[in-house]
Each structure stands twice: as C-alpha cells, then as structure tokens.
Amino acid sequence: MKRLRGLFLLALLVVVLPILFPDNYYVTVVAVSAALHAILAVGLNLLMGYAGLISLGHAAFFGVGAYTSAIITTRFDLNPWLAMAAGILLTGCIAFIMARPILRLKGHYLAMATLGLGMIVQIVLVQAEGLTGGPDGLGGIPPLSLFGWEVDSDLRWYMVMSTVMLLVVWLALNLIDSRSGRALRALHGSEVAAEMMGIDTTATKTGVFVIAAISASLAGSLFAHQQAFISPDSFSFFFSIELVTMVVLGGMASTFGAVFGAFVLTFLPELLVVFEDYEVMIFGAILMLMMIFLPQGLFVGLQGLLRRLLQQRAPARLPAPAEEDKHGAA
Amino acid sequence: MALLEIDGLSKSFGGVTAIADLRFEVPKGQVYSVIGPNGAGKTTLFNMLSGIYRPDEGSIRFQEREITGLQPHKVAAMGLSRTFQNLQMFFNMSVLDNVMVGCHLRTRSGLFRAALRLPGIVREEREANRLAREELTFCDLERFVDLEAGALPYGVLKRLEIARALAVGPQLLLMDEPAAGLNDTETAEMQRLIRRICERGITVLLVEHDMGLVMRVSDRILVLDYGSRLAEGTPSEIQNDRRVIEAYLGGEVQYAV
Amino acid sequence: MADQILQFLLTGITVGATYALVALGFAIIYNASDVVNFAQGEFVMIGAMSAVALSAGDNGLPMPVALLLAVLITVCVGVLLQRFAIAPARGASVVTTIIITIGASIFLRGVALLVWGKDIFALPAFSGEQPIHIGQATLLPQNLWVMGGTGVMVLGVHWFFSHTAVGKAVLACSCNRTAAHLMGINVGLMMLIAYGLSAFLGAMAGVLVAPITFTSYDAGVMLGLKGFSAAILGGMGNPMGAVAGGLLLGLIESLSAGLISSGYKDAIGFVILLLVLFFRPSGLFGRASVERV
Ligand SMILES: Nc1ncnc2c1ncn2[C@@H]1O[C@H](COP(=O)(O)OP(=O)(O)OP(=O)(O)O)[C@@H](O)[C@H]1O
Ligand SMILES: [Mg+2]
C-alpha cells in the first residue's frame, strides 16, 4: 500500500506520542489543537491547494458548525451527534448557496468575497446576542460521548481528535487520487481545458467548496464540545488567515503539507511564548521569511531538499519520485 | 452525411467582426482544414464550436443535434474535443494524470464514492489508467508517462494535448495550429499523427498556418478572410482558386506539396 | 430626519475619505506590482502612532514637525517593505504574496506593540475642537481637514500619474515590466516609489484621522480590510475607482449605522460589497477581464 504510506506513518506517530510522553502538555493539549487545525487545513487545502480557489473566510464555516452544535445542545438539549449533523447540514447548505456566485470570481476578487463572507458571519455571531450569547460567548456545552464512553479527559480528546484527523486525511488522499480529484487539479491547471475534457467546472467548484465547508463544520462541532465554551473570537478573520497560512506554509496541493503546516503553526506560538513581548513580532518575521525563501512551502520544500540529498548520495536516478504525495508539486 | 453543419454563424467583439455569416459543412471521416491570415477568426470559430464563446447569431449542428450555446463540458460529452493554440496544459499534474483527466467522461464515480474508495473505484482507476496509456502510446509519448507536464519541451506538449483530447473519445477533434513552433521533423510526425487520427474514424477539423502541411493532410479546405468564407474545396481546387491566390497569398504561390 | 441624514452623510464622507486614502494605496501598489498589500493598514497606524509619540510630552516636537517626521518614517517603512519583503519574492503566487504581506503586517504590529504598548492614544486636533454647525448637523474642524486633505492628495496622485514623467514610468512598469525595463526605466526604483507613495498616503490618512478616531498598535487591521474592500468595490487597479469605492463604503456604513443598526454596519457594508461583486465581478469601475484562449 504505497499510496497510504504517509498515512500509516502519521498514524504511528499519533499512537506513539502519548506512550512516549504521557501527561506531557504538548501532547495532551497542544497536539489536540494541532489535530483540530489539521482537519481544517486538509479541508481548506482541497479548495485552495488543489482546486486553486483562495478562501480568506474559512473560519466562518468552522464557526457555524461550532455554534450550531453549541446552541442545539445547550438550548434544546439534543444529542451532540445530532447537533453535529445539523451543523454539517446547515454549513453545507450555506456553502452550496454561496458557492455559485462567489466562485465565479477570480483572484483578489474571490479573496475579497470570501473574506467578506467570513466577516459577515463573525459580525452576526457577535451581534445576534439572543441566539449566540454575543461577545461573551456560550458556555456549558456538554462533552461528547460515544456509546457511554464520555470524552471528558485530555487524553480522550487526543484520541478522538487524532482519529478524526486520520480519517479526514484518508478521505482527502482518496479523493485526490481519483477522477474527482483529477478534475479538481485540472480546474487549477486550466479552467477552459478542464471544461473541454467534459468536466462541469461549476459543479466541481461547488462540490469542493461544500466539502471544505462541511469538514470545517465538523471540526467546529468537535471544537465546541472539547472547549465547552466558545466565543466569536475563535472564528475571526485572523483565524481564517491562520488557516490559509497553514496550507501555504506546509505547501499547497499536498495533504501532508497541510497537516505539517497545521502542526507548525500550532506549536510555533507555544514555543514563542518564551519571547513574551517579542512574540508577535517574531511570529510575523518567521511567516514572512518562510514565504520569501520557501515559497513552495515548508513540507514540499524540505521534501525536495531531502530528495536532492538522497540523490547526491546515490547518483543513479530513481525511476519514480519517492515522495508519499506524488501530486506535491504545485 | 455531414458531421458538423454551421449556418449563418456570426460573432463580433465590440466593433471587431471576428466571424460574419459563416456557412460550411464538415463531412464525416475527413480532415477538414480552415485557413486564413492572422486575425481571420479561426480561433474564434473554434471557441464557438466548442462552446467557449456564445455565437451572436447562427446555428451549429453536430451529429444532427443543435449544440449552439451549450456549455463546453456538454459539447465535449457529445463527442467534440479540441486542442488549443496557446497550450492549455495542466502543468500542475503529471503527464499520465493529464491524459487521465481526458478520460473523465468515460468513468463515472462521484466525490463520495471516491472519498470512501468504495469497491469499483480501483477497477475504474485501472481502466482510466489503461485508456490513458493507450492514447499516450498512440501519440508516441510513452517515454514521458511518469514525468511532470511542466518538465516537457514544447513539441512534446503539443502532442500531449492531442493525447489528452483523444482520451475524451471524440467523434470530432478540433486542432488549433498543432504544428506551430515545431521543427521540420516534428511537423512531419504531426502530419502522420493527424492522418492516423483520421484513420481511427475521428473527423479532424484543423486550423494551421503551415500551408505545406495543410495541403498534404487535408481532404477539404475552407479559406477564411475577415471572418467570412473566401473559398472552399479540395486542396487542388484551393491552390488554383484565383481569389485565394490574390487575397490570401498576394499573387505568387509556391506550395511545397 | 433630514438633518440627521445630513449628519450621517458628513460622518460618512469623513470615514469614507480615510478609506479612500487607504484604498488608493492598495490600488497603487497593486498596479505597480500585482500585489495586494495587506500591510497597508499598518502604514496608517505607524503614521498616527509616530506622530503621537513624536509630539507627546513636554519636550515633544512641534506639531507640524512631528507630522512631517511621522510621514517620513512611514514612507521609509514602505520602501523597506518593498525592498526586503516584496522584491525578493518576485514571481511568487498570489497567495504567497498575500501571506508575505500579512506576515509583514503582523511583524509591524508586533514592533508597534513593543515600542508603544497596548494603550490607546489621541492626537490633538489640528485647529481646535470648536464644532461647526450646518443646520442641525455638526462638524468638527478636523473633519474638514480629513476631507480637504484627502481631496488634495487624490488630485495630487491623479496629477502625478498623468502629468509627471516619474508617474508615467511607474504606470509603464505596471503595464509591462519587461517593456518598461527595455525602455530604460529603472523598474526597481519605480517599485520603491510606488510603495513609498502608498505608505505616504497611508500615513497621511493616519495623522488626519487620529484626532477623531484615536489610535493604537492594532488600529491598522480594520482600516486595512476596509481599504481593501473599497479598492475591490471600485475595481482593483483603478485608482479613482478606489477613491469612489472608499467614499461609497464610508457612506454606506454611516447611513446603515444611523438608520439600521450600528452593530451591523460593517456587515451591511460587506453584504453590499458581495452583492456588487455578484453582479459586477470586477467591481464598479473595474474593466472586465476576458480570458483569451
Ligand atoms: N476575446 C476577445 N475579445 C476581443 N476580441 C477578440 C477576442 N477574441 C478574438 N478577438 C478578435 O477577433 C479577431 C479574430 O481573432 P482570432 O483569434 O479568431 O483569429 P485567428 O484567425 O485565430 O488568428 P491567428 O491565426 O493569429 O490565431 C481578431 O481581430 C481578434 O483580435
Ligand atoms: Mg488563432
């Protein structure tokens, strides 16, 4: 199963980490956020990296999922899984309706429209106090439970979040390596040529937008139950930008790149805390420098570096590129 | 019976008339060429036939069905495929994947079945892979299968575009200047390739500036001038047409036939 | 009611003028280098914050000197940004450049946080606080400064691009870099000028509105987004469209704050922007781009 080698490696890492470092803050807390971010980044990467459609408002779908779960479980006392499904349905519908007019736009206009969509959702979350609790947020969200198994400890959340992450990565890998995945990448390469190959580009764009949105909604629901309390701050423009950065930083059009980017961007601020007042500045500088010197992304860039090193050691040309994700090149 | 029937077709951009009241028919199983000076409207014609531009007026009938104003992917589904004057490759994909995109219409699986990798997907993938490799071999590209499209030289890309268009399984293939930018050897290869495509029973509509190639490869030729029909006929009729010689070639004609 | 509306219009034009200056900065940089500079709002913040810092206290500089220096500092920041963050990344994709400029804006904000802390500052009004009455509506002298200053700068920019050799050279670079280079234009220098000019406009916007809106290390974020919105509304790459977009956005916000809901005013602005884009995918005054195949 060469195709899924990367996934097995990732799964191995997920299993080994808590065994090696039980009760380590970085494993039980930070890694859980990292896995959550990875779910979001992998979904967004389908849209941005593969289909080439930029979105600066992805946090909106994350927020709609989180708030749907929070409101339904706290106000109506319904089952969290039902709430999660409702969130996915609602987000999917919003994405489906918005996809057509928004995805007709190109380049910076598309960036603006998605940014606007994100801002509108965030403003509604802040302003619709009766429903969302306004800027103070919503608390008392019950934990998830799976056939009586309550997800109520850090370690259990680690298990749930990383399992969902692995699942999402698996789905994304399957999708990319299929007829629909090729259609997505073709869309990025040349829209007219894709149409000429019989691809309904409008439907394909809508499809990937909806998929990215519902994966964000799923992440949002998990986030709401994990945190037990949510406020609009978690779904702001800044978070959308962070997600985009994860995708680009890891390397566009590489699922593992997105995972990698999510991990780097989750751990980096934790490590920069020691710089106290300098934290924001250093974070900005790192972001700039990495994009200037490794524009194809950290993961893809490092992969290339590694391959070159290997080739220097063994000058005979490998028959096929030896990376996990053969579509890595953007 | 004509495979493609064009009647009263017109298109203008602002003040510029690109195609004016054009009428012609493409018989099945032939190589039919459209020639004309730069800006005569050849690419615009192709863009209308393939559904990229909507004609201002007129009708396009393909396999006896009206296709005027249909979206390109619907036109493609009816069996019309094309290549582009300016390469429209999927440079973000491998050579094989490029051609596998061409197999899009010959496979069925949707997003969800693919994401869950339900049974049948693997078989379908293998089928698409086989079809794509067949077309690559047909276009003499099997050496390049595993490379990234972005790494290929121009001449190879021209053929890759043809392989990709063939993978769609077309009845009619529109080729927009396939020999532009090719050297003599490559042009000769291109000529053979065009004939071999025709021998497979695929009708070819060709736009090309290389007159030698056009004269050697075509069954019929349409001459466009400022978007309208100047002459139409077999290569020898065209070569001896006085209007063509005057208007298009400025009097002196030397074909390397 | 009519008086109220007049008041909303006056406020709207003042706010809109600020947006217009920021949007103009966006348009100039976009024209020159195809980059959407998300650090544009930080120029506004740096202009305002340095003016405050330079003029504050007992031994602060006199106001005009402080303003001049503040603008100069910002121009330097703009030039440095081009030289060390944008120029090395030439040829990068749209998203990559977006992230670079976002990184730059975070960096600049981080520096501002370090230097000035989290406090909110105000600049004294240029010519007093005595309100001017127009019917029932009132206007501060500073509002006039904002409107007048914006008017002068917009005309100046227009004149710069249409009447000076340097302005035309910058435009030539934006049309076709290679051709401009072959014509003997120093493309690198023109880029620096474009970024410097954008930073100048941002800083001017900053010092002009600081007496009304106050300023802090993170004041640039929202202004940057609004400026981007305005530039898109007008049609990216059309400088006068950007100005119109800014004024329009300011008016929309002020009217919806007054007549509908102040909490939702920003949302209404974005809804209208989205609607405009749905019907005119290249903004109000942008040229529709046709893809040739
Ligand atoms: N999208 C468009 N917008 C405006 N004008 C166009 C467009 N497409 C084509 N034209 C104009 O229509 C006319 C015909 O162009 P077309 O590209 O069809 O010519 P052509 O015969 O293919 O020329 P060439 O041999 O150079 O490829 C030209 O004057 C061209 O400028
Ligand atoms: Mg042409």
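The values are calculated or read from the model by the stated rules, or taken from the named source; none is laboratory data. Since the structure is predicted, the reported quantities are computational estimates derived from the model, not experimental observations. FYI the Cβ positions are ideal-geometry reconstructions off the backbone, even for glycines, and counts take in every protein chain you see. Just so you know, the surface numbers come from the protein's heavy atoms only, side chains and all, with ligands and any DNA or RNA stripped out. Shrake-Rupley method; radii C 1.70, N 1.55, O 1.52, S 1.80 Å.
Screening segment B:55-153 for helices (runs of 4 or more DSSP H) wholly inside it with 3 or more residues that are modelled with pLDDT under 95 returns the ranges B:111-116, B:121-138.
Listed by first and then second residue, the pairs with beta-carbon distance under 9 Å, at least 6 apart or on different chains, first residue in segment B:77-99 and without any contact (Cβ under 8 Å) to a residue 12 or more places away in the chain, second within 16 Å of ligand 2 (Cβ to nearest atom), are B:86/B:176; B:86/C:292; B:86/C:293.
Conditions (1) over 29 Å from residue B:57 (Cα atoms); (2) aromatic (Phe, Trp, Tyr); (3) touching a Pro at 6+ places or on another chain (Cβ under 8 Å), marked per residue:
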residue: B:202; (1), (2), (3): no, no, yes
residue: B:220; (1), (2), (3): no, no, yes
residue: B:235; (1), (2), (3): yes, no, no
residue: B:243; (1), (2), (3): no, no, no
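Could you grab me the full set of residues in segment B:7-32 that are of a type in the set (Gly, Ala, Ser) and away from ligand 2 (no atom under 14 Å from the Cβ)? Residues satisfying the conditions are B:8, B:10, B:12, B:14, B:15, B:20, B:29.
Here's the yes/no breakdown for (1) over 30 Å from residue A:127 (Cβ atoms); (2) among the polar types (S, T, N, Q):
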residue	(1), (2)
C:154	yes, no
C:192	yes, no
C:213	no, yes
C:218	no, no
C:246	no, no
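Restricted to segment B:33-45, and to residues there that are closer than 15 Å to residue B:209 by Cα and in a helix (DSSP H, G or I), the residue that is nearest to ligand 2 (Cβ to nearest atom) is B:43.
Name the one entry in A:119, A:112 that is under 27 Å from residue A:191 (Cβ atoms), within 14 Å of chain C (Cβ to nearest Cβ) and in a helix (DSSP H, G or I).
Working: A:119 fails: under 27 Å from residue A:191 (Cβ atoms).
When all the criteria are applied, what remains is A:112.
Suppose the filter is at positive phi and either more than 14 Å from chain B (Cβ to nearest Cβ) or surrounded by fewer than 18 Cβ atoms within 10 Å (Cβ to Cβ) (or both); does residue A:96 pass it? Before the answer, list the steps.
Working: at positive phi: no; either more than 14 Å from chain B (Cβ to nearest Cβ) or surrounded by fewer than 18 Cβ atoms within 10 Å (Cβ to Cβ) (or both): yes.
No: the conditions fail for residue A:96.
If you check C:73, C:132, C:98, C:120 for being under 28 Å from residue A:109 (Cα atoms) and either more than 14 Å from chain A (Cβ to nearest Cβ) or modelled with pLDDT under 95 (or both), only one passes: C:98. Any residue in segment B:1-28 that's free of Cβ contacts under 8 Å to residues at least 24 places away in the same chain: show its pairings with residues that are away from ligand 2 (no atom under 16 Å from the Cβ) and of a type outside the set (A, V, I, L, M, F, W, C) at Cβ separation under 7 Å, as long as the two are six or more apart or on different chains. Once the first residue is free of Cβ contacts under 8 Å to residues at least 24 places away in the same chain and sits in segment B:1-28, its partners that are away from ligand 2 (no atom under 16 Å from the Cβ) and of a type outside the set (A, V, I, L, M, F, W, C) give B:25/B:5. Looking across segment B:19-40, the residues that are open to solvent by 10 Å² or more (accessible area, probe 1.4 Å) and near ligand 1 (Cβ under 9 Å from one of its atoms) come down to B:37, B:38, B:39.
Tell me, which residue of segment B:45-69 that is touching a residue at least 12 places away in the same chain (Cβ under 8 Å) and open to solvent by 50 Å² or more (accessible area, probe 1.4 Å) is nearest to the other protein chains (Cβ to nearest Cβ)? Reasoning before the result, please.
Within segment B:45-69, the first condition is being touching a residue at least 12 places away in the same chain (Cβ under 8 Å), and the residues that meet it are B:45-46, B:48-65, B:67-69.
Filter once more, keeping what is open to solvent by 50 Å² or more (accessible area, probe 1.4 Å): B:54, B:56-57, B:61, B:63-65.
Details: B:54: 13, B:56: 15, B:57: 20, B:61: 19, B:63: 16, B:64: 20, B:65: 16 Å.
Selected residue: B:54.
Scan segment A:173-194 residue by residue and report those that are open to solvent by less than 20 Å² (accessible area, probe 1.4 Å) and within 8 Å of chain B (Cβ to nearest Cβ). Within segment A:173-194, A:174, A:175, A:178, A:180, A:181, A:182, A:183, A:185, A:186, A:190, A:193, A:194 qualify.
Within segment B:179-227, which residues are in contact with a helix residue (DSSP H, G or I) (Cβ under 7 Å, 6 or more places away or on another chain), assigned to a loop (DSSP other than H, G, I, E, B) and more than 16 Å from ligand 1 (Cβ to nearest atom)? Matches in segment B:179-227: B:218 only.
Are any residues in segment A:197-208 buried (at least 24 other Cβ atoms within 10 Å of the Cβ) and either more than 9 Å from every other protein chain (Cβ to nearest Cβ) or over 10 Å from residue B:101 (Cα atoms) (or both), and if so, which ones? A:208 - this is the single residue of segment A:197-208 that is buried (at least 24 other Cβ atoms within 10 Å of the Cβ) and either more than 9 Å from every other protein chain (Cβ to nearest Cβ) or over 10 Å from residue B:101 (Cα atoms) (or both). I'd like to check something: does segment B:154-175 contain any residue that is outside the structural domain of residue B:213 (by TED's automatic domain parsing), open to solvent by 40 Å² or more (accessible area, probe 1.4 Å), under 17 Å from residue B:88 (Cβ atoms) and touching a Ser or Thr at 6+ places or on another chain (Cβ under 8 Å)? Scanning segment B:154-175, I find no residue that is outside the structural domain of residue B:213 (by TED's automatic domain parsing), open to solvent by 40 Å² or more (accessible area, probe 1.4 Å), under 17 Å from residue B:88 (Cβ atoms) and touching a Ser or Thr at 6+ places or on another chain (Cβ under 8 Å), so the answer is no.
Residues checked against (1) touching a helix residue (DSSP H, G or I) at 6+ places or on another chain (Cβ under 8 Å); (2) within 13 Å of chain A (Cβ to nearest Cβ); (3) assigned to a helix (DSSP H, G or I):
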site: C:217; (1), (2), (3): yes, yes, no
site: C:221; (1), (2), (3): yes, yes, yes
site: C:228; (1), (2), (3): yes, yes, yes
site: C:232; (1), (2), (3): yes, yes, yes
site: C:242; (1), (2), (3): yes, yes, yes
site: C:249; (1), (2), (3): yes, yes, yes
site: C:255; (1), (2), (3): yes, no, yes
site: C:275; (1), (2), (3): no, yes, yes
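Within segment A:270-285, the set of residues being surrounded by 14 or more Cβ atoms within 10 Å (Cβ to Cβ) and under 25 Å from the mean Cα position of the chain (by Cα) comprises A:270, A:272, A:279, A:280, A:281, A:282, A:283, A:284, A:285. Can you confirm whether residue A:54 is out of contact with any Phe, Trp or Tyr (no Cβ under 7 Å at 6 or more places or on another chain), of a type in the set (A, V, I, L, M, F, W, C) and outside any helix (DSSP H, G or I)? Yes: the conditions hold for residue A:54.
Of the residues in segment A:149-164, none is outside any helix (DSSP H, G or I) and more than 22 Å from residue A:14 (Cα to Cα). If the condition is being facing another protein chain (nearest Cβ under 7 Å), more than 16 Å from ligand 1 (Cβ to nearest atom) and open to solvent by less than 10 Å² (accessible area, probe 1.4 Å), then segment B:70-88 contributes B:76, B:81. Total residues in segment C:257-273 satisfying the condition of being within 10 Å of chain A (Cβ to nearest Cβ) and in a helix (DSSP H, G or I): the figure is 9.
A Cβ distance below 7 Å, combined with a sequence gap of six or more or placement on separate chains, defines the contacts here; from segment A:282-294, residues that are facing chain C (nearest Cβ under 7 Å) reach residues that are of a type in the set (S, T, N, Q) and in a helix (DSSP H, G or I) in the pairs A:287/A:245; A:291/C:96.
Got at least one residue in segment C:139-149 being modelled with pLDDT of 90 or more, surrounded by fewer than 18 Cβ atoms within 10 Å (Cβ to Cβ) and not aliphatic (A, V, I, L, M)? Checking segment C:139-149: at least one residue is modelled with pLDDT of 90 or more, surrounded by fewer than 18 Cβ atoms within 10 Å (Cβ to Cβ) and not aliphatic (A, V, I, L, M). Considering segment C:277-286, the residues that are more than 9 Å from chain A (Cβ to nearest Cβ) and under 22 Å from the mean Cα position of the chain (by Cα) include one that is farthest from ligand 1 (Cβ to nearest atom), namely C:284.
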